[in-house]
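Written below as structure tokens is the structure these notes are about.
Only the coordinates and a few stated rules stand behind these numbers; no lab work does. From a predicted model like this one, the values you see are computed outputs, not experimental measurements. Here the Cβ is made from the backbone with ideal geometry for all residues, glycine too, and neighbour counts use every protein chain on show.
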Amino acid sequence: VTMRERLSLWAVFSLTDIFVCVAESVAVMSVDLGSEWMKIAIVKPGVPMEIALNKESRRKTPVAVCLKENERLFGDSALGVAVKNPKVVYRFLQSILGKTADNPQVAQYQKHFPEHQMQRDEKRGTVFFKFSEELQYTPEELLGMILNYSRGLAQDFAEQLIKDAVITVPAYFNQAERRAVLQAAHIAGLKVLQLINDNTAVALNYGVFRRKDINSTAQNIMFYDMGSGSTTATIVTYQTVKTKESGTQPQLQIRGVGFDRTLGGFEMELRLRDHLAKLFNEQKKSKKDVRENLRAMAKLLKEAQRLKTVLSANAEHMAQIEGLMDDIDFKAKVTRSEFEALCEDLFDRVPGPVTEALAAAEMSMDEIDQVILVGGSTRVPRVQDVLLKAVGKEELSKNINADEAAAMGAVYQAAALSKAFKVKPFLVRDAAVFPIQVEFSRETEEEDGVKTMKHNKRILFQRMAPYPQRKVITFNRYMDDFVFYINYGDLGFLGEQDLKVFGSQNLTTVKLSGVGSSFKKHSDAESKGIKAHFNMDESGVLILDRVMCVSASLVNFLFFFNPELGNTISSLFGGGSSEPTANVTEPTFKYQERSEKREKSAQEKPETEEGKEGEPQAEEQKDNKEDKKAEKPEEKSDGEKAEEKEEDKKPKPQKKSKISEDITVELEVNDVLDPSTEDIEVSKKKLQDLTDRDLEKQEREKTLNSLEAFIFETQDKLYQDEYLAVVTEEEKEQITGKLSEASNWMDEEGYAAGTKELKEKLSELKKLCKAMFFRVEERKKWPDSLAALDSMLNHSTIFLKSVRLIPESDQIFTEVELKTLERVINETMTWKNETVAEQDKLSPTEKPVLLSKDIEAKRSLLDREVNYLLNKAKFVKPKPKDKAKDKNTTSTENSKANSTEDAEKVIPPKSDDGETDYFIFVKPAEEPPTAEKKDEEPILELNPAENTDTGHSQSTNQSNIKIILT
């Protein structure tokens with residue numbers, strides 16, 4: 001996080017910006033799920049937006065999981081194993097999520113990682129990794145393990161349970177890929193608040209920290225994000241807009257997106273790895289080809305990753321690996337020019353996403369205010385040079401954290417979506433990169449009487465259509481069961497290779513049943529067609545909510561004898577002609593909760609117009625101006641009122657009543673089949689078994705370390721003076737013998753023993769040494785405990801003496817209260833003297849009778865009695881004074897009281913050691929306090945002494961009696 005962002009955190013999350021609504025575990029997290037790295041951020045009470053550190057105290061963690069026979073490793077630990085045994089380490093899983101076995105990216109993954117056995121899942125058509133004959137893992141399961149690990153890191157950092165998360169995905173992820181990430185999160189036990197596009201998260205982070213710079217004038221900014229696996233260019237428009245809910249608020253709108261799925265730093269590293277392999281073969285130090293050795297190639301890839309980073313800041317660098325293959329060391333010089341020559345074709349593809357984004361937004365580069373770099377691979381100098389030339393700007397902006405911007409933006413969205421926090425609104429209008437349409441066929445009759453099948457297409461969501469949004473499509477010419485299809489729209493903006501990687505363009509086949517029976521049931525009502533309700537939620541996933549058969553019936557309609565007249569009046573009161581009319585589609589950008597409210601209100605209102613066959617209509621609440629007029633009617637004259645009464649007597653036609661009935665829907669997925677409920681449960685159990693095994697292993701290692709440490713530490717303690725003083729020779733020999741026996745057992749059997757056996761051995765040793773440890777600990781605690789008790793006794797005694805000096809007329813404590821305190825002081829003093837004397841007679845090796853817990857109990861009892869009296873003094877009201885006495889008070893006495901203050905002070909009582917702990921003085925009031933003032937000011941107040949050197953206080957408070965504690 002940049003310094004400006006750190007300084008702005010408390011401005012963004014001030015007391016009025018974010019607060020916690022519940023007291024339980026309310027932390028939320030975000031995961032910036034990249035192809036090579038992931039960044040985790042949290043928000044919890046007292047911690048506004050912070051990156052969670054991993055176990056190595058690093059701010060980013062490799063997306064890698066290592067599966068050994070008896071353990072799992074994640075992150076940097078997994079990468080360490082990848083060099084030695086690459087077969088058991090799985091990484092870069094993002095590229096094969098939601099892909100069928102015949103997808104080009106699956107073949108590309110197999111080429112990059114030939115050590116893995118990938119096989120086709122005949123049931124779903126996807127791939128899985130064959131770990132052994134008994135164990136196979138799907139990419140979703142492996143990603144679920146990684147997400148579960150990220151959740152553990154977030155919980156360790158937040159020190160509380162976390163369930164809710166926002167996960168970033170690439171903007172170019174299609175429906176199948178988004179569903180795959182949701183399935184992985186479900187397997188991991190995470191509740192996904194939203195899948196947010198990584199470019200949207202970056203834009204949100206940028207806008208949140210520059211809220212004051214956003215105004216009604218639109219600002220167009222391009223974010224160029226080149227990561228490890230892909231590159232995305234995004235055009236975002238910032239400006240303030242007015243909303244009904246919260247007034248004028250800043251908003252970001254995604255205007256255009258361009259991408260390249262395979263252009264990234266990883267491809268550059270692979271080219272550099274192959275170049276290093278070529279250099280090693282040319283040195284001819286070995287007769288074998290290094291490219292056939294998987295372990296050696298893994299070492300070369302690790303060195304290539306380091307080399308790419310170094311060459312970004314240096315013109316040349318020496319690559320070197322010890323024991324690359326057959327104990328042969330490798331060393332070779334690589335220059336930046338050589339590296340750039342290897343990746344020349346990759347650099348030529350850098351401007352591609354920029355051109356696509358401008359085309360999608362229908363904008364030119366002149367309309368873009370600035371271009372901001374995001375992603376680690378944008379640090380390559382040649383990438384910046386080519387991009388700067390392509391955009392035609394003076395410079396490229398680097399005023400955002402290239403690595404953590406997406407994680408920080410996503411966690412802000414997580415706090416906004418969570419019910420536990422309230423943040424300043426920042427409106428986000430994301431955009432669907434790929435258009436979606438509905439297709440259906442209908443039989444039509446031509447002029448010559450020949451019946452033909454007409455294929456219709458209706459765009460449901462256009463390219464760059466904002467979401468979340470709900471849409472309704474009406475089929476008003478079907479009277480029986482029928483089928484329609486949900487497919488992607490025109491994908492002509494994708495290249496040939498991108499279309500192959502994209503996969504199936506057919507999403508879902510929707511089969512409707514029960515249409516004919518529903519119409520027969522309501523044959524006397526007017527048909528409003530079959531309405532299909534679609535929802536593209538916050539995660540960009542399209543859902544068919546429901547399909548309903550809608551009809552409208554007339555109640556007490558008096559003009560049914562004349563069809564023409566009936567139709568005319570019907571149109572006046574909400575009815576429509578039998579001919580379909582065009583519909584004005586008005587998209588909605590509200591959140592799902594508000595959309596559901598509109599949906600309920602729309603169901604309650606009668607339909608007033610029908611749309612074109614299959615024409616999508618946004619579920620938008622109608623203008624409520626007429627409703628407001630109905631709520632506030634205008635005042636009418638008496639004549640108008642009389643006319644209305646006469647009209648009320650005449651019978652009037654009533655509005656249509658809406659009848660809705662759900663239609664049975666059968667969905668057939670055409671792109672990538674989702675795992676069944678049984679498969680999900682099997683995957684969850686598989687991961688839970690692995691987690692339990694890891695926890696059991698960690699528990700065993702913890703117990704083993706504790707046993708080892710206890711044996712060595714106790715053996716060492718037996719040579720220390722404080723332990724030798726409290727044990728007898730017999731006890732020492734017994735403990736020493738048992739420790740030696742346990743140490744020998746550890747060398748022979750202990751390291752292979754189970755957790756239960758280790759715990760029993762540790763418990764046995766602790767029980768043997770318990771008495772010795774107890775005696776040592778008690779002797780350590782005695783000095784401080786006794787000193788605290790003596791201090792409490794001293795203060796309590798002086799406090800009691802001071803209180804007894806108060807005149808009887810002004811005494812606020814009862815005799816019973818004072819005698820109770822005196823009794824407790826005497827009993828505590830007696831117990832202390834007798835117990836200490838008894839303890840002095842005992843040997844250090846015997847069980848002590850003076851216990852620190854008993855000392856603390858006595859001190860607490862005494863402290864409670866004193867505090868009771870002090871609290872009573874705080875709230876006591878002054879006694880009323882004799883009015884006659886006040887009148888007879890002379891001014892001479894008042895002046896004397898003011899001038900000779902020191903003479904009126906009583907000599908402070910001395911404690912046994914001669915030091916003054918408490919003192920009391922009596923000071924008459926200069927003016928008789930009023931009745932109101934008597935009620936407000938206590939007669940006894942406790943204030944710290946202002947002059948501790950002299951023991952006196954120069955207090956200006958006009959209370960009658962003061963007790964000052966020094």
Response to the item:
The long-range amide H neighbours of Glu526, using H built 1.01 Å from N in the peptide plane and a cut-off of under 5 Å, are Ala552, Ser553, Leu554
Discussion item. Please list, in order along the stretch 464-480, the HN-Hα scalar couplings obtained from phi with the Karplus expression 6.51 cos²θ - 1.76 cosθ + 1.60 (θ = phi - 60°), rounded to whole Hz, x for Gly and Pro.
Written reply: 6, 6, x, 8, x, 7, 10, 9, 10, 10, 10, 9, 10, 10, 10, 10, 9
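Does the stretch 722-820 classify as rounded, prolate or oblate by the C-alpha gyration tensor (a ≥ b ≥ c root eigenvalues; a/c under 1.5 gives rounded; else a/b over b/c gives prolate, otherwise oblate)? It would help to have the intermediate numbers written out before the result.
Values: a/c = 6.36, a/b = 3.45, b/c = 1.84.
Judged from the Cα gyration tensor, the stretch 722-820 comes out prolate (a/c at least 1.5, a/b above b/c).
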Worksheet entry | Between the stretch 797-857 and the stretch 527-541, the Cα center-to-center distance that results, in Å | 79
Worksheet entry | Separation of the Asp662 and Glu69 label points, Cα + 7 Å toward Cβ, nm | 5.3
Discussion item. Within a 10 angstrom radius of the beta carbon, how do Lys302, Lys398 rank from fewest other beta carbons to most?
Written reply: Lys398, Lys302
Item to complete: Report ³J(HN,Hα) in whole Hz for each residue of the stretch 423-440, in order, from the Karplus equation J = 6.51 cos²θ - 1.76 cosθ + 1.60 where θ = phi - 60°; Gly and Pro get x.
Response: 10, 5, x, 9, 6, 10, 10, 7, 9, 7, 6, 10, x, 10, 9, 10, 10, 8
Worksheet item: Can you put Leu147, Leu507 in order, fewest other beta carbons within 10 Å first?
Response: Leu507, Leu147
Worksheet entry | Residue-by-residue Karplus 3J(HN,Hα) for the stretch 836-843, coefficients 6.51, -1.76, 1.60, Hz, glycine and proline x | 5, 5, 5, 5, 5, 7, 7, 7
Discussion item. For the stretch 256-296 and the stretch 485-513, what is the centre-to-centre distance using only Cα atoms, to the nearest Å?
Written reply: 34
Practice prompt. Order these peptides, 244-253, 489-498, by their mean beta-carbon neighbour count within 10 angstrom, highest first.
Written response: 244-253, 489-498
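Going highest first, how would you order 779-785, 27-33, 153-159, 167-173 by mean Cβ packing within 10 Å?
Working: 779-785: 14.3, 27-33: 29.0, 153-159: 18.4, 167-173: 23.9.
By packing density, highest mean first, the sequence is 27-33, 167-173, 153-159, 779-785.
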Worksheet item: Quick one: Ile659, Ile42, Ile436, fewest Cβ neighbours within 10 Å first, how do they rank?
Response: Ile659, Ile436, Ile42
Worksheet item: Counting other Cβ atoms within 10 Å, which GluC sites (Glu not before Pro) in the stretch 746-820 have at most 16 and lie in a DSSP loop?
Response: Glu749
Worksheet, complete the sentence: In terms of the alpha carbon gyration tensor, root eigenvalues a ≥ b ≥ c, rounded if a/c is under 1.5 and otherwise prolate when a/b exceeds b/c or oblate, the stretch 364-520 is prolate
Practice prompt. Amide H neighbours of Asn476 under 5 Å, at least 5 residues apart or on other chains, H built in the peptide plane: list them.
Written response: Ile530, Gly614
Discussion item. For the stretch 407-421 and the stretch 707-724, what is the centre-to-centre distance using only Cα atoms, to the nearest Å?
Written reply: 51
Worksheet entry | Under-5 Å amide H pairs with Ala64, H placed in peptide plane, nonlocal only | Gly75
Worksheet item: For the stretch 153-225, what does the alpha-carbon gyration tensor say about shape, rounded, prolate or oblate, given a ≥ b ≥ c as the root eigenvalues, a/c under 1.5 as rounded, and a/b over b/c as prolate?
Response: oblate
